[in-house]
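Derivation of every value follows stated rules applied to the coordinates shown; laboratory data play no part. Keep in mind that what you see is a predicted model, and the values were worked out from it rather than measured.
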């Protein structure tokens, strides 16, 4: 058995920091990734074994007393697997060579909960002016019996006897590159380092239960279908009574019997009798803000649009509102009595419209005129 103090070049009363610095310096020189010399690789194994022994107080004491702390199995004996003191040495070796070996030790039972999402149906007026709604949700909540601890009241988790509370099992094996060191979560405690021997009967050791609760949601003006409102900390409580995630409320706007929405503009249709469109009229129409006096000018044609400024939906992330666009639809009578037919006939005669020619608008020649011109030029 070599003198591990001499291997690292430190005195026998060297403290832990001096031993770590000495090992790191030698490891940087001898590691197979930096020094492919076979002799250097063998020396690296010896240096690693020396650091494993001298960095562990129990193994160092055994070595000082003349014993061989690696004789029962370890890097010098071809490999080992342990969840006890050997893992501490392995962790320190990784720290010494790489500066840090990543997150180690038992993982916490307390974890952040998942986000949750629900859909909320609202009316068009609520989208336009905002509202406050009460909703009921079923999510994970902290177990009141164990207060999120997972253990039956009056009991406590016990340290895992396999990994001794570290939550991981380390193993070192020989390979053609030297010693390969790996770690994996302890199978017995699932990486927690502790075992709940008496789980809470209410939550079965989870620290959380399903519960129904009521929330008030403030809906801002201008939302639309697909808008998501984030309620921070109102989602699922995490395992072990961990902090809750967020709750997202997705808006679903219900169809309105009179208005259709396009962006922040609203559209509606007003049907007028032919006579009212020809003579002009005034009428009251409903808007989201109440009745509005709409003036229809004489000679209004079917399909004409009347735009009522700022009578639509407020902009969600800006000031101002969209418009209300009124589509005029002129209704042509389909059933006339004799008197009505006589009056319309008289009107047609006065306007010279008894036999309309059906020519296209804007001075464009009719289809048959074009055909006649084509054949007439031949």
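Okay, here's what the table says:
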| read-out | value |
| --- | --- |
| Average Cα contact separation per residue, the stretch 181-338, under 8 Å, 6 or more apart, as relative contact order % | 18 percent |
| Length-normalised contact order of the stretch 260-351 in % [C-alpha pairs under 8 Å, at least 6 apart] | 32 percent |
| Potential extension, residue 114-residue 274 segment - 0.36 nm per residue separation minus Cα distance | 51.5 nm |
